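Let me begin by presenting the structure, written as structure tokens, before commenting on it.
The values are calculated or read from the model by the stated rules, or taken from the named source; none is laboratory data. Computed from a predicted model, the values in this text were never measured in an experiment. Reconstructed Cβ throughout: ideal geometry from the backbone, glycine too, with neighbour counts over all protein chains shown.
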Amino acid sequence: MKKRRSPILAATVLASLALSLAVLVTPAHAASYNNVYRMYNPNSGEHFYTVQLPEAKHLLQVGWRWEGVGWVAPATSGTPVYRLYNPNAGDHHYTTSVEERDHLVELGWNNEPVGWYSEESSNSKGMLREYNPNAKSGAHNFTTSREEHDYLVGLGWRDESGEGYAWRASNRDAAPIESFSVQSPAWGSLQTVTIGKDANVAKRVDVPFEEKRDEYVANVTWSNHGAYLNRMKSLANQIGSPTEYFLACDYDLCRVTVLERKNGSWEVIKTWNSNMGGHTFKGVWHISHKRKCDWNHDYFGKGYNDWASCYIESFLPDDTGHLQYVGGKGYDDGQTIHSTGYKSTGYDNYGCIGLLWENAKWVYDNAARNVAPSDENAYHGTSQGTTVYVFDERGLR
């Protein structure tokens, strides 16, 4: 049944497993009827429906939960069910109403390819539609289950089944599929999920932890580790970010994964190794201010501590040597992402996250571009900067 949680697709995402939705379109099935697969985003609460098995598999891989076949639909009929996407909220909507479709397009929704078709024969059943007036994502639910429908209406959802928007599903049984297995973080830990011939989840088995830390900061070997990167997408969907960027900082493996929100989905765009700090604090932070050097502007250009993007504020009354004075606040002893002179990964910094010079500059110029630089006479902090999530990968399992 439908459960509401904070939205994740579209904008983050708090935090939204939310799990990235790429629109994958393949040719229609040759059969006269199609399974309509039902997927669930545990962060945003959205249900997604598709006749495209490759699209359903993709969503399972990036963190959507597989809920089997919702209903069966004809491959074609005189009544198409239109599929629309809200690029701001990351939400999908489905309707047979041309007027409703056109109205949503005028409001900025994207008109995607036809989702499926409504059954027009007598061998059919009505599709029930409910609306949650308090939801920002996953506001509509569609089901053939009267029990689920009545439960949601009892919780305060509005019954829209009689407004001419819903469609009819076939009474035919779901078609068998070829069983397959993929790795997915949809249920919390990374698991191998097997979907059986009946299109239901057959089993879920935790994947052994096999990732190893690279030896050198400049030598990244994990850029194509799909299962690991899918977990980073899931974290971005779950936690979200006020900006279009999200920095996932793996303390255990000394990795920084940069994700960018594109059309409501989080995509990995940078994979870097780092030298972490022995006292780097775990948790969810936001870039609050930046400066060219973490020591003092006079040190800039030395190749280390340059391009500092600060995500934890901390001030001391006295200068202990590795500090910069901030007017009215004291000597800045916060934690930052900056360039490092260390060649090896590890924990040689005190608390900051050290990157290659060009990577630290990229963060400064892009992920931290919405915060103003601070200097000895001014300080411009913000809680709306890019999310920096520092975590222990082994601790997530």
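Table for the structure above
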quantity	calculated
Elements of type strands (runs of 3 or more DSSP E) in region 195-309, at least 1 residues being closer than 21 Å to Asn88 by Cα and of a type in the set (S, T, N, Q)	265-273
Residue that is at pLDDT below 95 and β-branched (Val, Ile, Thr), where the choices are Val153, Val105	Val153
Test: residue in region 336-349 that is at pLDDT 80 or above, surrounded by 14 or more Cβ atoms within 10 Å (Cβ to Cβ), among the aromatic types (Phe, Trp, Tyr) and within 25 Å of Pro242 (Cα to Cα)	no
In region 162-190, residue nearest to Asn230 (Cα to Cα) [restricted to those that are of a type in the set (S, T, N, Q) and buried (at least 19 other Cβ atoms within 10 Å of the Cβ)]	Ser184
In region 165-189, the residues that are hydrophobic (A, V, I, L, M, F, W, C), modelled with pLDDT under 90 and out of contact with any strand residue (DSSP E or B) (no Cβ under 6 Å at 6 or more places or on another chain)	Trp187
Residues satisfying the stated conditions in region 323-348, i.e. among the aliphatic types (A, V, I, L, M) and in a strand (DSSP E or B)	Val326, Ile337
Residue among Asp318, Asp306 that alone is out of contact with any helix residue (DSSP H, G or I) (no Cβ under 8 Å at 6 or more places or on another chain) and on the phi < 0 side of the Ramachandran plot	Asp318
Options Ala202, Ala227: the member that is at pLDDT 95 or above and surrounded by fewer than 22 Cβ atoms within 10 Å (Cβ to Cβ)	Ala202
Test: residue in region 47-55 that is modelled with pLDDT of 95 or more, among the hydrophobic types (A, V, I, L, M, F, W, C) and not in a strand (DSSP E or B)	yes
Pair list, Cβ under 7 Å, 6 or more apart: region 302-319 residue farther than 16 Å from Val284 by Cβ, other residue modelled with pLDDT under 80 and acidic (Asp, Glu)	Asn305/Asp294; Ala308/Asp294; Ser314/Asp333; Phe315/Asp332; Phe315/Asp333; Leu316/Asp333
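Yes/no per residue for (1) crowded, with 21+ Cβ neighbours inside 10 Å; (2) at pLDDT 85 or above; (3) among the charged types (D, E, K, R); (4) part of a loop (DSSP other than H, G, I, E, B):
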{"residue": "Leu9", "(1), (2), (3), (4)": "yes, no, no, yes"}
{"residue": "Leu17", "(1), (2), (3), (4)": "yes, no, no, yes"}
{"residue": "Ala30", "(1), (2), (3), (4)": "no, no, no, yes"}
{"residue": "Asn35", "(1), (2), (3), (4)": "yes, yes, no, no"}
{"residue": "Ser77", "(1), (2), (3), (4)": "no, yes, no, yes"}
{"residue": "Arg101", "(1), (2), (3), (4)": "no, yes, yes, no"}
